[in-house]
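Trainee: Please read through the structure below; I'll follow up with questions.
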Ligand SMILES: C[C@@](CO)(OP(=O)(O)O)[C@H](O)COP(=O)(O)OP(=O)(O)OC[C@H]1O[C@@H](n2ccc(N)nc2=O)[C@H](O)[C@@H]1O
Ligand SMILES: Nc1ncnc2c1ncn2[C@@H]1O[C@H](COP(=O)(O)OP(=O)(O)O)[C@@H](O)[C@H]1O
């Protein structure tokens, strides 16, 4: 039975560089988390409509996996793709916590696109798959390329592999969920005037471990961290000292000694 793992990611650093057409432009180091992933499988089943099992609390219509299916169908108009998902359901074994800054929904969408492209022989090139993925979520292109570590630019659609060994990271995800759109909105309303582009020039050339040691202040490493603290004041009381903050949160991480 076809299946694929959809890994989580952390943002080693995330710096906002501007804002255009409702989206922030950024520069960020994304790192894949080897030991935290969802698993998607295509299981034989007669389905009248596209069926997803295992994503409790998320309606099919709002599920990024369904959006990925619709995007592929629109792009390819491929009848085999459509008929395949009348004969198979998508079963998801969720392990990545939601609203955690770990890219769970985006990773699921990308994993679905990669597996469907292979199983249904859509022959879509990786670059085109990433472009299609970017219409589903800003993080999806990183997961389509599936690098261990990458420098991500633009709105998230420019993904450049960064050659380094993956770090062994300890993650801590508090009960509090952070809404990505709210955190970005809070940044735009309160902090966007304070960005200083020269303050993070060259960060993309440093190894992740070195950068975390060099920029010892987690607030400096991730521009969305102060925004999340403003959006969710209760986060302050549960922020472990010295731990880094991933994406729009709420996951904290540190390098295992
Ligand atoms: C914050 C980051 C950092 O990696 O990840 P998470 O914390 O969600 O894992 C990403 O930028 C999240 O990307 P993603 O989760 O795909 O966001 P989307 O669903 O595309 O967008 C949700 C909303 O966030 C805002 N948004 C998102 C990305 C971006 N570059 N600028 C934005 O302003 C927009 O208001 C958008 O409508
Ligand atoms: N396949 C999916 N897995 C998890 N969340 C999903 C999925 N599809 C849509 N969502 C929605 O995306 C929201 C953000 O979840 P997620 O992407 O995991 O967090 P983050 O954006 O912080 O990385 C969830 O609250 C949920 O409503």
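The values are calculated or read from the model by the stated rules, or taken from the named source; none is laboratory data. As the structure is a computational prediction, the values presented were derived from the model and not from experiment. Quick reminder, even Gly has a Cβ in these numbers, built from the backbone with ideal geometry, and neighbours come from all protein chains shown.
Trainee: Across region 96-121, what is the number of residues that are within 11 Å of ligand 1 (Cβ to nearest atom) and not in a loop (DSSP other than H, G, I, E, B)?
Mentor: 6
Trainee: Out of the residues in region 242-253 meeting the condition of being farther than 15 Å from residue 176 by Cβ and touching a helix residue (DSSP H, G or I) at 6+ places or on another chain (Cβ under 8 Å), tell me which one is surrounded by the fewest Cβ atoms within 10 Å (Cβ to Cβ).
Mentor: Filtering region 242-253 for residues that are farther than 15 Å from residue 176 by Cβ and touching a helix residue (DSSP H, G or I) at 6+ places or on another chain (Cβ under 8 Å), the one surrounded by the fewest Cβ atoms within 10 Å (Cβ to Cβ) comes out as 242.
Trainee: A further question on this structure: Considering only region 76-129, how many residues are surrounded by fewer than 21 Cβ atoms within 10 Å (Cβ to Cβ), closer than 30 Å to residue 249 by Cα and free of Cβ contacts under 8 Å to residues at least 60 places away in the same chain?
Mentor: The total comes to 7.
Trainee: Name every residue in region 149-171 that is away from ligand 1 (no atom under 16 Å from the Cβ) and either in contact (Cβ under 8 Å) with a residue 40 or more places away in the chain or in a loop (DSSP other than H, G, I, E, B) (or both), in order of residue number.
Mentor: Across region 149-171, the qualifying residues are 163, 164, 165, 166, 167, 168, 170.
Residues checked against (1) more than 16 Å from ligand 1 (Cβ to nearest atom); (2) in the same structural domain as residue 28 (by TED's automatic domain parsing):
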residue	(1), (2)
132	no, yes
139	no, yes
143	no, yes
202	yes, no
213	yes, no
222	no, no
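Trainee: When region 122-148 is examined, which residues are found to be in contact with a strand residue (DSSP E or B) (Cβ under 6 Å, 6 or more places away or on another chain) and part of a loop (DSSP other than H, G, I, E, B)?
Mentor: 147, 148
Trainee: Related question: May I ask you to list the residues in region 53-85 that are within 23 Å of the chain's Cα centre (by Cα) and outside any helix (DSSP H, G or I)?
Mentor: The answer is 53, 54, 55, 56, 57, 58, 59, 60, 61, 62, 63.
Trainee: Which of the residues spanning region 222-244 are part of a loop (DSSP other than H, G, I, E, B) and in contact with a strand residue (DSSP E or B) (Cβ under 6 Å, 6 or more places away or on another chain)?
Mentor: Hits for region 222-244 are 223, 240, 243.
Trainee: Among the residues of region 1-44, which ones are part of a strand (DSSP E or B) and more than 16 Å from ligand 1 (Cβ to nearest atom)?
Mentor: 3, 4, 5, 34, 35, 39, 40, 41, 42, 43, 44
Trainee: If I go through region 194-214 residue by residue, how many of them are more than 22 Å from residue 159 (Cα to Cα) and modelled with pLDDT of 95 or more?
Mentor: So the count comes out to 2.
Trainee: Condition first: more than 9 Å from ligand 2 (Cβ to nearest atom), part of a helix (DSSP H, G or I) and more than 20 Å from residue 161 (Cα to Cα). Can you find one or more residues in region 87-95 that meet it?
Mentor: yes
Trainee: Could you tell me which residue of region 136-149 is surrounded by the fewest Cβ atoms within 10 Å (Cβ to Cβ), considering only residues that are at negative phi and out of contact with any helix residue (DSSP H, G or I) (no Cβ under 6 Å at 6 or more places or on another chain)?
Mentor: This residue is 148.
Trainee: Can you say whether residue 174 is more than 20 Å from the chain's Cα centre (by Cα), assigned to a loop (DSSP other than H, G, I, E, B) and touching a residue at least 24 places away in the same chain (Cβ under 8 Å), as far as the supplied structure shows?
Mentor: When the stated conditions are applied, residue 174 does not pass them.
Trainee: Scan region 44-83 for residues that are away from ligand 2 (no atom under 13 Å from the Cβ) and either touching a strand residue (DSSP E or B) at 6+ places or on another chain (Cβ under 7 Å) or not assigned by TED's automatic domain parsing to the domain that holds residue 118 (or both) and jot them down.
Mentor: Hits for region 44-83 are 44, 45, 47, 51.
Trainee: I would also like to ask the following. Could you list, in sequence order, all residues of region 189-216 that are touching a residue at least 60 places away in the same chain (Cβ under 8 Å), out of contact with any helix residue (DSSP H, G or I) (no Cβ under 8 Å at 6 or more places or on another chain) and within 15 Å of residue 29 (Cα to Cα)?
Mentor: Correct list: 200, 204, 208.
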